[in-house]
Amino acid sequence: MAYRLRNYTYNDKLTPEENTLLDHLYKLKLSHMAAALERQLLDPNSELEDFHSRITDIIGYEWDQRENAKFNRMLKKATLKYPSADFDQSLYEPDRQLDTHTIELLQDCKWIDIPRNLLITGSSGTGKTYLANAFCITALHQHRTVKYIRANKFIQECGKIRQNGVILDYINEMSAYDLLVIDDFGLMDLDLEKCSDLFEVIESRDCQKATIIASQFPVSKWWELFGNSTYADACLSRATCKAYRLECNGRDMRQAQ
């Protein structure tokens with residue numbers, strides 16, 4: 001027999017006092033703690049554990065579930081291309097030709113707090129996006145706000161939002177993330193208006209927030225992507241100054257799949 005007791009489903013295997021206690025936890029919005037306690041109450045072997053172990057398990061479960069829920073919300077908002085990216089052993093495969101020492105030093109993401117930018121360049125298919133997303137995952141686990149966007153999509157969104165007269169709000173939103181990833185930089189058309197939008201984001205993040213820029217083009221070629229040399233100098237001097245760099249020039253990872 002089971003019936004609803006407000007926010008809690010009454011369990012006839014427990015005493016009225018135990019059911020009331022669980023109901024109180026649900027009303028306090030501690031549902032995960034209630035679930036952990038209910039499991040203990042239903043398991044006679046749990047009595048073999050000392051009080052410290054039992055309460056640690058109950059509180060720890062509530063904490064972990066809330067942290068996981070928060071991480072998943074932030075992960076969804078980050079719009080990563082590879083939401084399961086990590087720094088796996090494939091980084092150390094010789095034919096990938098990666099600077100694994102620098103990658104290891106960057107994995108703690110302390111450079112985000114400095115802040116410093118990170119430029120990832122290399123041929124198509126060499127894992128630039130996956131690597132950038134792995135840094136994003138680490139940053140998210142450290143409760144940093146993250147946004148991943150392809151350069152072309154950013155330009156398109158700016159164009160649509162500008163028509164609605166709220167471009168400043170969008171630029172402010174993009175400027176506020178602790179870590180912004182602009183992927184496929186160079187695979188977009190930049191007229192004067194588009195240069196202006198990109199410059200506003202880069203300028204507002206300069207010395208305030210960290211940015212990862214990933215591109216198939218070497219940094220020395222980036223200036224040629226801009227139709228306006230003034231914006232090229234202003235934007236790229238901010239994006240590249242003292243930025244850390246990683247090159248991906250190894251095998252095509254897509255062909256390996």
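The values are calculated or read from the model by the stated rules, or taken from the named source; none is laboratory data. Keep in mind it's a predicted model, so treat the numbers as computed, not measured. No Cβ is skipped: glycine too gets one built from the backbone with ideal geometry, and neighbour counts run over all protein chains shown. Note: accessible area is taken over every heavy atom of the protein model, side chains too, but ligands, DNA and RNA are not part of it. Shrake-Rupley method; radii C 1.70, N 1.55, O 1.52, S 1.80 Å.
So, with a 1.4 angstrom probe, what is the percent of accessible area on the stretch 146-257 that is carbon and sulfur?
Details: 2620 of 5730 Å².
Carbon with sulfur: 46 percent of the solvent-accessible area.
Between residue 123 and residue 234, the contour length at 0.36 nm per residue exceeds the Cα-Cα span by 37.3 nm.
Can you give the direction-averaged projected area of the convex hull of the alpha-carbon atoms in the stretch 16-116, in nm²?
Working: hull surface 45.2 nm².
Result: 11.3 nm².
Can you tally the net charge around residue 72? Count Lys and Arg as +1, Asp and Glu as -1, for every other residue whose Cβ sits under 14 Å from the Cβ of residue 72. Numbers along the way, then the final one.
Details: positive: 66, 70, 73, 76, 77; negative: 64, 67.
Residues near residue 72 contribute +3 overall.
You can think of it this way: the chain between residue 110 and residue 59 has 15.4 nm of extra reach, that is 0.36 nm per residue less the Cα-Cα gap. Taking label points 7 Å from Cα along the Cα-to-Cβ direction, residue 163 and residue 241 give a separation of 3.6 nm.
For the pair residue 11 and residue 29, label points projected 7 Å from Cα toward Cβ lie 2.4 nm apart. Under a model in which nothing but the beta-carbon of Lys, Arg (+1) and Asp, Glu (-1) is charged, the chain shows a dipole of about 660 debye around its Cα centre. Expressed as a whole percent, the accessible surface of the stretch 28-127 that belongs to carbon and sulfur atoms is 53, based on a 1.4 Å probe. Computed from the Cα positions only, the extents of the stretch 75-138 along the three principal axes stand at 33, 25, 20 Å, in decreasing order. A 1.4 Å probe run over the protein chains yields, for the chain, 56 Å² of accessible area per residue, whole-number rounding. Distance between the pseudo-spin-label points of residue 203 and residue 20 (7 Å out from Cα toward the beta carbon): 6.6 nm.
Quickly estimate the mean residue ellipticity at 222 nm for the chain, helices only: each DSSP H run with n ≥ 4 gives -39500 (n - 2.57), and the total goes over all residues, rounded to 500. Show your work: numbers first, answer last.
Working: 10 runs with 126 residues, N = 257.
Rounded to the nearest 500, the figure is -15500 deg cm²/dmol.
Between residue 221 and residue 69, the FRET efficiency from the beta-carbon distance, with R0 = 45 Å, is close to 0.55.
Listed by chain and number, the lysines whose C-alpha is less than 22 Å from the C-alpha of residue 13, apart from same-chain residues fewer than 8 away, are 27. Computed extension length for residue 156-residue 76: 26.7 nm, one decimal, from 0.36 nm per residue of separation with the Cα-Cα distance subtracted. Checking (i) 0.97; (ii) 1.18; (iii) 1.36 against the coordinates, the calculated Cα Rg over 2.2 N^0.38 Å falls under label (iii). Within the set 153/242; 153/221; 70/153; 153/194, which residue pairs have Cα atoms separated by over 23 Å? Where the Cα-Cα span goes over 23 Å, the pairs concerned are 153/242; 70/153. Running a GNM on the chain with Cα contacts under 10 Å, which residue among 32, 24, 141 ends up with the highest mean-square fluctuation? Judging by the Gaussian network model, the answer is 24.
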